[in-house]
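Heads up: the structure comes next, in structure tokens.
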Amino acid sequence: MVFQAFSDYLLLEKKYSELTLKAYLNDLTTFESFIASEFDIQSTEHVNYQHIRNWIVALVEQGISNRSINRKVSSLNTYYKFLLKTKTIEVNPLQKHKALKVSKKIQVPFSENELNQVLEQLNDAKDFEGLRNRAIIELFYATGIRRIELVQLKLKDVDFANNILKVLGKRNKERFIPLIDSVIESLNTYIHERNKLDNIEDSSYLFLTSKGVKIYETLVYRIINDYFSKASAKVKRSPHILRHSFATHLLNQGANLNAVKELLGHSSLAATQVYTHNSIAELKKVYSNAHPRSKKQ
């Protein structure tokens, strides 16, 4: 009953996506099972911090990363804040909890050369899947959208008359991203081929499989990984790295940080600042090559 109320709160009031909601509820269910088996506690409302601490230790012993554990505890904290708000509990057992330390991972973006190599692979694409994959890669790099945002795109979200894409981001927040001519051309070519599919079930969605159903996240990941494995030796080759490349390359070319924030759909500037690492590295290289006192004699 409480889980259902919490679920409605996340979905209706906080406007979390179905995917995020599923993750939160999964974390809660896992914790509920743990306290039931370890402490014979049947309700998540009757726990203290020590119970939660034991759960964290158990997760560490299972080999789960600190980053993943912090995410799970964050789900739990949101839940207890909800119980506090609804006066179901009087004290949040996590109020003094400190997150586990995590090492900061610097994501290495694809270079412009690597991106050009991938797009060259698709220059001669003529079949449905080849044209779709080119459109997907171009759209990722030209807009910096998230994988789930791409999956959820509808045909009506592309304004071909004004070269604008409407994206539904986190918490159902809409943003509008301008589209360059090459992306419009790739989308038009793909849609022309898409319309030739024998059977289209999910007709409102932009990107489909060859069976005419909405594309799914694991397929999108596989597409990016497969193409970029032929052009890049980087360990991580994912849609998120394309998003990272979009932001980094814009900043390298002098784009305003606030403008990049809006394009990415970030709620705070702090989230966008992680992408400045590589642009600072680029500035250092330019400075080193240009400043008279830095030149080797």
Problem - Flagged links, alpha-carbon separation over 32 Å, of Lys98/Lys214; Lys22/Lys230; Lys166/Lys236; Lys87/Lys154; Lys15/Lys214 - result: Lys98/Lys214; Lys22/Lys230; Lys87/Lys154
Practice task
Could you list the GluC sites (Glu not before Pro) in the range 25-91 that lie in coil according to DSSP, counting only those with at most 12 other Cβ atoms within 10 Å of their Cβ?
Solution key: Glu90
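Evaluate the charge dipole of the range 139-187 about its Cα centre and quote only its size in Debye, nearest 20, assuming +1 on the Cβ of each Lys and Arg and -1 on the Cβ of each Asp and Glu.
On the way: 9 positive and 6 negative charges, 89 e Å.
Using only the charged Cβ atoms, the result is roughly 420 debye.
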Handout entry: Residue (of His51, Leu11, Ile64) at the positive-pole extreme of the range 2-125, dipole from beta-carbon charges
Key = His51
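Using +1 on the beta carbon of Lys and Arg, -1 on that of Asp and Glu, and nothing else charged, what's the dipole of the range 146-242 about the Cα centre, debye to 20?
Values: 18 positive and 12 negative charges, 117 e Å.
The calculated dipole for the range 146-242 is roughly 560 debye.
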Handout entry: Positive-end extreme of charge dipole, the range 112-287 - chosen from Ile200, Ile184, Asn225 (charges on Cβ)
Key = Asn225
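What relative contact order, as a whole-number percentage, does the range 112-287 give when Cα pairs under 8 Å and 6 or more residues apart are counted?
On the way: 205 pairs, mean separation 43.3, N = 176.
Once normalised by length, the contact order is 25 percent.
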Problem - the chain - percent relative contact order, Cα under 8 Å, separation 6 or more - result: 16 percent
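Calculate the dipole size of the chain relative to its Cα centre from +1 charges on Lys and Arg beta carbons and -1 charges on Asp and Glu beta carbons; express the result in debye to the nearest 20. All intermediate terms of the calculation are to be shown ahead of the outcome.
Working: 43 positive and 31 negative charges, 279 e Å.
The dipole magnitude comes to about 1340 debye.
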Fill in the blank from the handout: Percent relative contact order for the range 2-85, counting Cα pairs under 8 Å at least six residues apart, stands at 29 percent
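Quick note: the coordinates plus some simple rules give every number you see, no bench work behind them. Predicted, not measured: the structure shown is a model, and the values here were computed from it. Neighbour counts run over all protein chains shown; Cβ positions are idealised from the backbone, glycine included.
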